[in-house]
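Here the structure is laid out as C-alpha cells; the discussion comes afterwards.
The values are calculated or read from the model by the stated rules, or taken from the named source; none is laboratory data. Keep in mind that what you see is a predicted model, and the values were worked out from it rather than measured. Positions of Cβ are backbone-derived with ideal geometry, glycine not excepted, and every protein chain shown enters the neighbour counts. We work out accessible area using only protein heavy atoms, side chains counted, and drop any ligands, DNA or RNA first. Shrake-Rupley method; radii C 1.70, N 1.55, O 1.52, S 1.80 Å.
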Amino acid sequence: MSKSITDIQQEIIQEFSLLDGDMEMTVFYIMELGQKLPAMNEANKTEDNVVKGCQSKVWLAAKLENDNVYFEADSNTAITKGLVSLLVRIFNGQSPEAILNADLSFMQKIGMERFIGTQRSNGFAAMIKQMKLYALAFKTKQDVKS
Amino acid sequence: MSVATRTSLDVENIRKQFPVLHQKVNGRDLVYFDNAATNQKPDAVINSLVDYYSNYNANIHRGIHTLAEKATKAYEQTRALAKEFINAASEQEIIFVRGVTEAINLVAASYGKAFIREGDEIIISGLEHHSNIVPWQFVCQDRKAVLKVINVKDNGELDLEQFKTLISSKTKLVAVNHASNSLGTINPIKQIIDLAHANHAVVLIDGAQAGAHLPIDVQALNCDFYCLSSHKMFGPTGTGILYGKKNLMELMPPYQGGGEMIKSVSFEKTTYNDLPYKFEAGTPNIADVIAFGKAIEFINSIGKEAIAAHEHELLVYATERIKTLPHVRVIGEAKEKVGVLSFSIDGIHPFDIGQMLDARGIAVRTGHHCTEPLMERLGVEGTVRASFSVYNTKQEVDQFIEGLDRIIKFLK
C-alpha cells in the first residue's frame, strides 16, 4: 500500500520546515526538487499537453496503470518545474478518486501561496486543475467499466 | 557611455521622502528596480491625497461653495504646472486622462474618426508598447487604413533610413515613443517629427518613459501630441496628460460624452465645451490630479538634468558590472538610453531570475514588457529588466549584481 496523499503532504511540510521560512533557501530548494523530477518522454511534450501560463510553460501527461494515475511533467522554468515536481510526487500512484478529493493544504503550510499568487505568470493553478481533470476523466472511464 | 558625470544629488535625503523604500522584503532591505513599470511616491504626493480627502473633497468647476472652489483651484493648478513642465503654449492644450494608454486611445478614436480615410497610412515603430500599437490597429481596421512599422536595429535603435522609405504623402500620422520601456533606447524624436511634418503627417509621442527622466519641450519638439502617465513620474496611478496642439484639438470631435464636456444640452442638439474640457467628460480624477501636481513639483525641485545624470551613472555602473558576469547578454545597447537595463542569462528563464531576485528583496520585471513584437524581433522570449530612479544607489546595484552572481553559480 503506497503512502496516502495526506502522508506525502506531511512529509513535504516537514522538509520545508527545515528551511525556516528563508525565501531564498526555499526557492533554491524548490529548484533542486525540479532538477530531480524524472525526465519527461520527449514524445509527450506536445502542444496538446501544454498548460500555458503568461511567462512559463508546463507540459503535463497522464496515464492510468492498475487503476492508479501516473503523471509526467516538465517546465521551461526551474521554479515552476520544482513546484510541479511536488504535485507529481503527491499524486503519482494514487487512485483517480483520491486525486479528485485531495485537499492540497500543504501549499499554504509551506508558503507556496507566494508562488500561486503569481499564477497568471506561471500557470500553476491551471496545472492543478488539469491534473484533477485527468483524474476525473480516468474515474469516469472506470465508472463506465464497472 | 562614460562614467564621467558625477552627480551632486543628496540621494539619502531623497530616499527619506519615500516611505515605501524603508522596508524589508523576504528578510532583506528592499531594492526597487521596477521603476519603468511604476515608480514610488514621495511624502508630498501621499500627503496631498490625504489632505484633499480630509479637508476639501468636492466636485469641481460647477460648485459655488468654498470647498468646490478650493478643489477647482488645486486641480487647475496641476494643469498650470503641467503646461510649464512640458512648455505647452497654453493650458487649453493640457487634457487630463487616465494615463498614456487613454491618451493614445483618445487621439486614435477622435483624430482617427475625423482625419483618417481609407488607404491612409499610420506609422509606428517596432519599439512600441502594446498601448501604442493596438489603438492604431483599431483605427486601421475601422478606417481601412494601413499600419506601417519602423524597423529596430540589432542594438535597439530605430532604423531612420528605413523610416524615410516608409513615409510618404499617404502617411497621416506617426506614433513613436520618446524612450523604449523594454530597452531604454531614447529615440531621435525631433528628427522623426521633422521628417513627418515635411510629409504633412501629424506626430504623437508616447512619453511614458520620458516623463521622470528627460527634458520635454513640446514647442521646441513641435510634436502634435505628447502623452504622459503620472504614476511613472512619482505621482498617483489613474491620471496623466494628453498634450495636443490647440488648433488640431479644436478640429477633433469629443471622445466621450457626459458632464463637463458640454456647453448646453437639449434632446435636439448638444454643444460642446471649449478645450480642454471638451475632452474631460465626467467628474475627473480630482484627488490624483492634485497629487500629480505635487509629483511635478518634486521633479522640479530636483531638476531633470540632475535626475537624468544620476540615473545615467547608475545605468553605466550596472551595465559595466553585469558584463563581468558569465552567460549574461545585455539586450538593447543604443548609444542614448534612459536608465533601463534589459538582459538575459543563457539557459536561465527570466521568470526564474525574477523570482530568485525577489527572494533577496530585489524587485525587477521579467517577461515581454508588453512589447511582444519587439521581443520577437530580438529573438528572445522575454528579458529581465532593471530600471533605475532618482532614489536608487550604487550599493543597491551591488546587491543586485551579487544576487545575479548567486543565481548563475547555482544554476550553472
Filtering the stretch B:359-398 down to residues that are in contact with a helix residue (DSSP H, G or I) (Cβ under 6 Å, 6 or more places away or on another chain) and of a type in the set (Gly, Ala, Ser) yields B:359, B:382
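Quick one: would you say residue B:105 is farther than 23 Å from residue B:191 by Cβ, open to solvent by less than 50 Å² (accessible area, probe 1.4 Å) and among the polar types (S, T, N, Q)?
Values: farther than 23 Å from residue B:191 by Cβ: yes; open to solvent by less than 50 Å² (accessible area, probe 1.4 Å): yes; among the polar types (S, T, N, Q): yes.
When the stated conditions are applied, residue B:105 passes them.
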Return the residues of the stretch B:247-285 that are closer than 14 Å to residue B:95 by Cα, among the charged types (D, E, K, R) and open to solvent by 70 Å² or more (accessible area, probe 1.4 Å); say none if nothing qualifies. B:250, B:274
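One line per residue, one yes/no per condition, for (1) open to solvent by less than 10 Å² (accessible area, probe 1.4 Å); (2) at positive phi:
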{"site": "B:120", "(1), (2)": "no, no"}
{"site": "B:144", "(1), (2)": "no, yes"}
{"site": "B:161", "(1), (2)": "no, no"}
{"site": "B:178", "(1), (2)": "no, no"}
{"site": "B:207", "(1), (2)": "yes, no"}
{"site": "B:214", "(1), (2)": "no, no"}
Within the stretch A:27-146, which strands (runs of 3 or more DSSP E) (wholly inside it) include 2 or more residues that are exposed (fewer than 14 other Cβ atoms within 10 Å of the Cβ) and away from chain B (no Cβ under 14 Å)? A:57-65
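Please indicate, with yes or no, whether at least one residue in the stretch A:5-13 is more than 10 Å from chain B (Cβ to nearest Cβ), touching a strand residue (DSSP E or B) at 6+ places or on another chain (Cβ under 8 Å) and not aromatic (Phe, Trp, Tyr).
Looking through the stretch A:5-13, at least one residue is more than 10 Å from chain B (Cβ to nearest Cβ), touching a strand residue (DSSP E or B) at 6+ places or on another chain (Cβ under 8 Å) and not aromatic (Phe, Trp, Tyr).
Could you say which residue among B:341, B:357 is away from chain A (no Cβ under 11 Å), closer than 18 Å to residue B:399 by Cβ and buried (at least 24 other Cβ atoms within 10 Å of the Cβ)?
Numbers: B:357 fails: away from chain A (no Cβ under 11 Å).
Going through B:341, B:357 in turn, the sole match is B:341.
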Scan the stretch B:235-246 and tell me whether some residue there is at pLDDT 95 or above, surrounded by fewer than 23 Cβ atoms within 10 Å (Cβ to Cβ), of a type in the set (Lys, Arg) and part of a helix (DSSP H, G or I). yes
